[in-house]
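> Below are the structure tokens for one structure; questions will follow.
The values are calculated or read from the model by the stated rules, or taken from the named source; none is laboratory data. Quick caveat: nothing in here was measured; it's all calculated off a predicted structure. Methodologically, a virtual Cβ is constructed for each residue, glycine included, from the backbone with ideal geometry; neighbour enumeration extends over all protein chains shown. Heavy atoms of the whole protein, side chains included, go into the accessibility calculation; ligands, DNA and RNA do not. Shrake-Rupley method; radii C 1.70, N 1.55, O 1.52, S 1.80 Å.
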Amino acid sequence: AKDAGRNNYQFYTPSLSKRTPAFLTLEKSLRYALEREEFMLYYQPRVNIITGEITGMEALLRWQHPEMGLVAPNIFIPLAEESGLIVPIGEWVIRTACKQNKAWQDAGFPPLTVAVNLSPKQFRQPNLVDTLTSILQETGLDPKFLDLEITESTAIEDLDFTRTVLYNLRQMGVYLSIDDFGTGHSSLSRLQQLPLHHLKIDKSFIQDLTTDQKVAHIVKAIVVLGQSLGLKLTAEGVEKQEELDFLKSINCEDVQGYLFYRPLAVQKITELLQKGQL
Ligand code: C2E
Ligand code: CA
Ligand code: CA
Ligand code: CA
């Protein structure tokens, strides 16, 4: 639901039916999850389609609830967004991902870009640039190895605002990506005015790629147009060899999906790095 009130951004408003006791309990325990250290990050590598090399990783948040077990981000992120908790949680995500990436680099592994997801509310924090600057300083990570993903819908909500923030972020030297491209019903010509490096094609398109001719045409058009605008492209959610074959045939650069890697715990990524497999 759109809330034109105080803050001018889009709120996730759960319907009344969702306000069950279980839901409210979850919301309550989310408040303590940070101090109880119940969050962790998984990392999903992204692969160059031609060389098979790893071109980066995406940090994905996991919540290990003491009684409920692993709670999926699709459940608790909207909750966190609604309550504003996403701001401190998101800051923890950025700090943890930067620290981890620096640790991998300090261990001598080939430097990689690690992406973090910025929620709409995080993106609209007036002190976003300051927060990022101090995290980068504190962790010693070169800004170019921090990739910030904002969704297409976040980006197009207020294009003037987005342009200003992205220019500031770009000046810091961080890497900028649009996530879930294709779901925001905008067009590349509108995004063209933004200082972006990278476009991630939403996995809903990839899922229909091999069964729906129209979707295949759309994906091809996104790749062609994206590349003509100088953007790097990642196809998300690649699960099947046929999908990969098609993406290869249209020269999409990068893929991210279960066909190659699932999101993996730090330990697992470190093992792959040690074996030279990443
Ligand atoms: P997203 O940013 O689009 O992240 C990609 C999602 O696709 C991840 O789900 C990933 O596990 C999943 N995925 C990757 N490859 C495949 C595949 O081949 N097939 C399928 N079916 N799925 C694949 P995950 O980790 O459950 O995260 C869901 C969403 O939660 C993310 O979507 C993102 O919107 C949000 N999220 C996750 N971590 C964070 C975070 O730290 N901050 C914020 N604000 N949002 C986050
Ligand atoms: Ca993402
Ligand atoms: Ca995505
Ligand atoms: Ca998403």
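> I want to verify the translational diffusion coefficient of the range 34-175 in µm²/s; compute it with Stokes-Einstein, Rh as the Kirkwood radius over Cα pairs, at 20 °C and 1.002 mPa s.
134
> With all pairs of different alpha carbon atoms counted, what Kirkwood hydrodynamic radius in Å does the chain show?
Values: mean 1/r = 0.0509 Å⁻¹.
After inverting the pairwise mean of 1/r, the radius is 19.7 Å.
> Have a look at Thr20, Pro263, Ile75 and report the one farthest towards the positive end of the charge dipole of the chain, computed about the Cα centre with Cβ charges (Lys/Arg +1, Asp/Glu -1).
The listed residue farthest towards the positive side: Thr20.
> Now for a separate question. Using per-residue counts of other Cβ atoms within 10 Å, averaged over each peptide, order 156-162, 92-98 from highest down.
The peptides rank, most packed first, as 92-98, 156-162.
> Kindly provide the helix-only [θ] at 222 nm of the chain, computed as the sum of -39,500 (n - 2.57) over DSSP H runs of four or more divided by all residues, to the nearest 500 deg cm²/dmol?
Roughly -13500 deg cm²/dmol at 222 nm, from the helical runs in the chain.
> Please list the three semi-axes, largest first and in whole Å, of the ellipsoid equivalent to the range 73-157, using sqrt of 5 times the eigenvalues of its alpha carbon gyration tensor.
24, 13, 12
> Count the DSSP beta bridges whose two residues both fall in the chain, then state the antiparallel fraction as a percent rounded to the nearest 5.
If I count the DSSP bridges inside the chain, around 45 percent turn out antiparallel.
> Here's another thing I want to ask about it. How far apart, in nanometres, would the label points at Gln213 and Asp130 be if each is projected 7 angstrom from Cα along the Cα-to-Cβ direction?
5.7
> Now a separate question. Skip the ligands, DNA and RNA, and give the accessible area per residue of the range 160-278 with a 1.4 Å probe, whole Å².
Here the residues of the range 160-278 average 50 Å² of exposed surface.
> Highest mean first, what order results for 177-189, 70-82 on Cβ atoms within 10 Å?
Going by the mean number of other Cβ atoms within 10 Å, highest first, we get 177-189, 70-82.
> While we're here: Apply the membrane-span-like helix rule to the chain: whole DSSP H runs, Cα extent along the own long axis of at least 27 Å, mean Kyte-Doolittle hydropathy at least -1.0. List the helices found. The partial results should precede the final answer.
Working: long enough: 86-106 (29 Å, -0.30).
Going by DSSP H runs, the hits are 86-106.
> A further question follows. With the crude spin-label approximation of a point 7 Å out along Cα→Cβ, what separation in nm comes out for Ser186 versus Leu229?
Once both label points are built, they end up 0.8 nm from each other.
> Over the range 95-136, consider all pairs of different Cα atoms and compute the Kirkwood hydrodynamic radius from their mean reciprocal separation; express it in Å, one decimal. Show your work: numbers first, answer last.
Working: mean 1/r = 0.0861 Å⁻¹.
Across the range 95-136, the inverse of the average 1/r is 11.6 Å.
> Here's something else I'd like to know. By how many nm would the segment from Leu34 to Leu272 grow when fully extended, if each residue of separation counts as 0.36 nm and the alpha-carbon distance is taken off?
82.8 nm
> Starting from the Cα of Lys232, draw a straight line to each of the aspartates and glutamates and keep only those under 16 Å, dropping any in the same chain fewer than 8 residues away.
Excluding near neighbours in sequence, the set is Glu53, Glu58, Asp147, Glu149, Glu152, Asp179, Asp180, Asp202, Glu253, Asp254.
> Across every pair of different alpha-carbon atoms, what Kirkwood hydrodynamic radius in Å does the range 199-278 reach?
Details: mean 1/r = 0.0744 Å⁻¹.
This gives a value of 13.4 Å.
> Restricting attention to the alpha-carbon atoms of the range 33-101, what are Rg (one decimal) and Dmax (integer), both in Å?
Taking only Cα atoms of the range 33-101, I get Rg and Dmax of 14.1, 44 Å.
> If you don't mind, another one. Using all C-alpha to C-alpha distances in the range 131-174, build P(r) with 5 Å bins and read off the rounded percent in each one.
Spelled out bin by bin, the range 131-174 gives 5, 20, 28, 21, 15, 8, 2 percent.
> Another question, if that's okay. From the P(r) of the range 137-250, could you give the percentage of C-alpha pairs in the tail past 22 Å?
Pairs farther apart than 22 Å: 36 percent.
> Of all the accessible heavy-atom surface of the range 183-278, with the other protein chains kept in place and a 1.4 Å probe, what percent is carbon and sulfur?
Result for the range 183-278: 50 percent of the exposed heavy-atom area is carbon or sulfur.
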